[in-house]
1. With a 10 Å radius around each residue's Cβ, average the other Cβ atoms per peptide and rank 200-213, 399-412, 51-64, highest first.
2. Which ³J(HN,Hα) values in Hz, rounded to whole numbers, follow from the phi angles of region 59-69 under the Karplus curve 6.51 cos²θ - 1.76 cosθ + 1.60, where θ = phi - 60° and Gly and Pro get x?
3. Sequence-distant or interchain residues sharing an amide H contact under 5 Å with residue 241, placed H: which?
4. Provide the net charge surrounding residue 172, with neighbours chosen by a C-beta distance below 15 Å and charges set as Lys +1, Arg +1, Asp -1, Glu -1.
5. Can you classify region 208-298 as rounded, prolate or oblate using the Cα gyration tensor, where a ≥ b ≥ c are the square roots of its eigenvalues, rounded means a/c under 1.5, and otherwise it's prolate if a/b beats b/c and oblate if not?
6. I want to check the label-to-label distance for residue 161 and residue 236. Put each point 7 Å from Cα in the C-beta direction and report it in nm to one decimal.
7. Taking amide hydrogens as modeled 1.01 Å from N in the peptide plane, which residues meet the under 5 Å criterion relative to residue 4, leaving out close sequence neighbours?
8. Divide, for region 280-438, the radius of gyration over alpha carbons by 2.2 N^0.38 Å, where N is the residue count.
Amino acid sequence: MAKFEQRVPDLGDFKGVEIIEVLVKAGDSVQVEQPLLVLETEKATMEVPASQAGKLLELKAKTGDRVSAGDVIALIEVGDAPATPSPPPSPKGRGSEAATPQEMAVPAVPSPLPVGEVARSAGEGATLATLPIATTPGSVHASPAVRLFARELGVDLTRVAGSGPKNRILKEDVQAFVKKVMGGAQLAAPAGGSGLPQMPVIDFSKFGPVENKPLSRIRKLSATHLHRSWVLVPHVTQFDEADITDLDAFRKESAAEAKQKGIKITMLSFLLKASANTLLQFPELCASLAPDGESLVLKKYVHIGIAVDTPNGLVVPVIRDVDKKGIFQLAEELAAVSEKARVGRLSPPDLQGGCFSISSLGGIGGTKFTPIVNAPEVAILGVSKSQMKPVWDGKTFVPRLVLPLSLSYDHRVIDGAQAARVTTYLAELLGDIRRLLL
Ligand code: CAO
């Protein structure tokens with residue numbers, strides 16, 4: 001049995017290079033070219049492979065140590081064969097399974113920046129210094145061994161959080177990631193072929209205490225739906241304001257009568273009615289794109305979804321034939337359906353068949369927002385809190401109750417001019433109660 005002193009090979013111009021990862025331990029059997037440890041310069045990382053196969057008797061260096069060419073880093077028992085050192089490691093000398101320098105250097109996220117020295121020769125006489133793994137912005141920070149390991153498992157390293165020095169991705173990080181995925185953990189939904197990079201998985205507990213709160217079934221379902229709509233629908237939001245001073249006065253007058261019937265009338269019932277009227281006026285608003293994108297499916301019914309905030313997340317029950325119903329009936333149905341939503345008693349038919357949606361945050365606050373179209377519908381009306389504002393009547397400023405409207409629409413179906421006509425029409429309806437009743 002002979003002892004072989006494993007030394008740091010030629011590092012080019014580098015001296016006192018830090019060991020950032022030790023990949024083996026005393027007692028391990030090592031193969032020729034097996035990476036033993038990883039060095040990191042300011043510009044790049046590089047592995048030191050074993051020059052001889054055998055049993056690793058002793059490691060002479062540890063993570064954090066600084067080494068230069070010729071330093072002994074390990075003792076390897078090499079069996080009966082004479083312990084002659086092999087030629088300095090070169091890219092060619094690496095095992096066939098090892099990644100090529102080019103492969104190793106490719107950033108996991110394509111980067112237009114040069115990828116360091118790897119662009120130089122990687123031929124026969126190359127030293128380790130010509131095999132850096134570039135750590136340019138946009139690339140992941142991992143050793144070739146970890147990259148190879150990840151590639152074998154089909155893991156996209158941009159999605160793995162690194163727990164090593166300088167957020168370096170370690171083999172254990174890849175293993176933990178795979179475990180999490182195999183365990184059914186919900187990661188950010190894939191980009192649906194859009195080619196967008198995934199969100200990196202970050203271990204927030206590194207920064208402070210955290211708690212993992214599982215998402216409700218409704219929240220997960222609506223997340224998928226919202227994400228799909230957000231990605232697939234080219235959104236534009238048109239903002240407007242309606243003077244609802246007279247309408248609100250009328251609402252309050254009607255409230256007493258409604259109360260006797262056990263009904264509470266909020267602005268939303270009037271918005272439902274006004275929206276139904278608007279949909280009849282603008283049929284493209286009450287439509288869906290045919291799946292082949294060749295035509296519009298114009299709906300001859302006026303069913304409107306109402307976004308309801310529940311403890312378990314957002315649901316959008318549908319009120320049917322809004323155009324055929326009066327304000328009292330709409331207020332009654334609205335109260336019933338939102339109560340049903342909040343206690344989790346909605347059935348699938350309650351949620352289907354909508355042509356258009358309304359999301360009212362008026363009872364909460366805010367001045368305007370950009371709702372996400374509830375695809376395959378083509379538009380959604382967001383309503384914020386009404387406020388008394390000074391409005392110029394041509395001679396003087398008068399206090400008027402103003403309701404902010406936010407109409408988000410699918411620009412493939414509705415043009416900006418059309419959207420402006422829609423909100424103008426809607427604002428006029430809400431501003432003149434007589435027109436609404438017509
Ligand atoms: N401006 C000013 N006040 C308003 C208003 C508006 N636009 N809309 C409602 N209000 C008032 C109501 O008059 C009521 O006042 P009182 O308590 O004094 O009578 C109060 O706000 C509460 O109204 P409400 O919210 O209970 O009733 P609603 O009919 O307006 O809305 C519902 C019902 C189910 C839509 C609502 O409760 C809700 O869940 N809203 C949230 C919807 C949501 O989450 N949208 C976001 C989707 S995108 O994430």
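1. Result, highest mean first: 399-412, 51-64, 200-213.
2. Going residue by residue, I get 9, 9, 9, 9, 4, x, 5, 10, 10, 10, 4 Hz, with x marking Gly and Pro.
3. Answer set, sorted by chain and number: 405.
4. Local net charge: +4.
5. oblate
6. Each label point lies 7 Å from its Cα, and together they span 4.1 nm.
7. 76, 77, 78
8. 1.11
Since every read-out is calculated from the coordinates, none of them should be taken as a lab result. Worth saying up front: this structure is predicted, and the values here are computed from it rather than measured. Ideal geometry is used to build each Cβ from the backbone, glycine not excepted, and the neighbour counts take in all protein chains shown.
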